[in-house]
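The values are calculated or read from the model by the stated rules, or taken from the named source; none is laboratory data. Treat the numbers as computed from the prediction; the structure is a model and nothing was measured. All Cβ positions, even for glycine, are placed from backbone atoms using ideal geometry, and neighbour counts span all protein chains on display. Side chains included, ligands, DNA and RNA excluded: accessible areas come from the protein's heavy atoms. Shrake-Rupley method; radii C 1.70, N 1.55, O 1.52, S 1.80 Å.
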Amino acid sequence: MKDSHGRVIDYLRISLTDRCNFRCIYCMPEEGVQQLPHEEILRIEEIVQAVRVAADMGIRSIRLTGGEPLVRLGVVDLVRDIANVPGIENISMTTNGVLLPRMADDLKTAGLSRVNISLDTLDPDQFRQITRRGELQQTLDGIDAALEAGFNPVKINAVAVRSLHQDYLKFAELSIDRPLHVRFIEYMPVGESSGTDGCGWGKQDVVSCEELFDTINEQARAQGLPELVAAGEGRPLGWGPARYFMFPGAQGTVGFISPLSRHFCGECNRLRLTADGKLRPCLFSDNEYNLRAALREGDEETQRAVFAEALRAKPDDHHDRVGTERGMSQIGG
Ligand code: SAM
Ligand code: SF4
């Protein structure tokens, strides 16, 4: 499946829910977002049908996200059903990790291939400040559970926000003793950019990956520790748009994802499906295509036509757009 700019599109990110057990300051306002009515959310069997059509058209990788995908009832059954769709080669998930101690084994058995766990700090107070209702230990237990269940790779996603003054070196060092792949992500202007909805994005809060890389190496030098070197073959599977480095001899890697300072739109291989069944060609564009209507009222031909339309509308680049109508938890980050 190719878009009109010649890019091969083989990756579909699916938001399973707009609900979440956290309220991260860069993602949601304290009171949460206006929740989608229950009947507007895709049912499990509708998601599976969407994946069947997508796989038939060339999608090979699925990522489940949200909101928090693990609060969605039936998520283990969904993973099993997707794993049985011919053509799907891997299923991954992005989660805050809180429910992994309970669910990691079942998810692995059901066919989940890999997990990305979101964690931005190792300081318990700062963790409470960022998530507004989480405890650091819960996510750390989630990471342990993912490793124990045998997920490989286990990636840790950290959003760098300047005003939070996170300790980048300490964070990167998570990759040394265990096979964890720590990835720093530039803070993206998704959702309202005014700051009134809790997302509060401002240019001054963006830390470019180049600066992150330099800061980590400077701090390492100052402490007499080795600096990051290119990871080469050590980089984890499903490396996507990240650039990977590692501390010499470390078990894991340190990756940098720079949607702002280095657009990777030219390599973009994805479509997104929102929890209410809209196909979204680009995270940064509010153009959406109603797959839900086609799933509920149309036949498979109509469903394929919606995918084709979304594909045709995929923009070449996000052109530094600031702000989107829906926030990250609604689009599926
Ligand atoms: N709840 C799950 C989690 O937190 O992993 C999945 C959904 S969350 C929206 C997906 C990812 O988006 C998380 O890693 C989160 O840190 C990231 N994210 C949310 N808002 C962001 C923003 N404005 N810029 C960059 N990343 C963001
Ligand atoms: Fe929830 Fe993930 Fe958004 Fe945090 S980043 S509020 S965990 S959806």
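Under the condition of being open to solvent by 10 Å² or more (accessible area, probe 1.4 Å) and of a type in the set (A, V, I, L, M), which residue from segment 86-105 is farthest from ligand 1 (Cβ to nearest atom)?
I88
Working only within segment 295-329, note down all residues that are open to solvent by 20 Å² or more (accessible area, probe 1.4 Å), among the β-branched types (V, I, T) and in contact (Cβ under 8 Å) with a residue 12 or more places away in the chain.
The answer is V322, and nothing else.
Taking into account only those residues within segment 280-294 that are more than 18 Å from the chain's Cα centre (by Cα) and open to solvent by less than 20 Å² (accessible area, probe 1.4 Å), which is nearest to ligand 2 (Cβ to nearest atom)?
Here the answer is L291.
So for segment 137-144 (the condition being open to solvent by less than 50 Å² (accessible area, probe 1.4 Å) and farther than 12 Å from G97 by Cα), does at least one residue qualify?
No, that holds for no residue.
Looking at (1) over 27 Å from W201 (Cα atoms); (2) at pLDDT 85 or above; (3) in contact with a Ser or Thr (Cβ under 9 Å, 6 or more places away or on another chain), find the lone condition where L273 falls short.
Here L273 meets the rest and fails (1).
Need pairs with beta-carbon distance below 8 Å; first residue under 18 Å from I117 (Cα atoms) and of a type in the set (S, T, N, Q) and within segment 16-34, second near ligand 2 (Cβ under 6 Å from one of its atoms) and open to solvent by less than 30 Å² (accessible area, probe 1.4 Å); sequence gap 6+ or separate chains.
T17/G66; T17/G67; T17/E68; N21/E68; N21/N96
Spot the failing condition for L169; the list is (1) aliphatic (A, V, I, L, M); (2) open to solvent by 30 Å² or more (accessible area, probe 1.4 Å); (3) away from ligand 1 (no atom under 12 Å from the Cβ), and only one is missed.
That leaves (2) as the condition not met.
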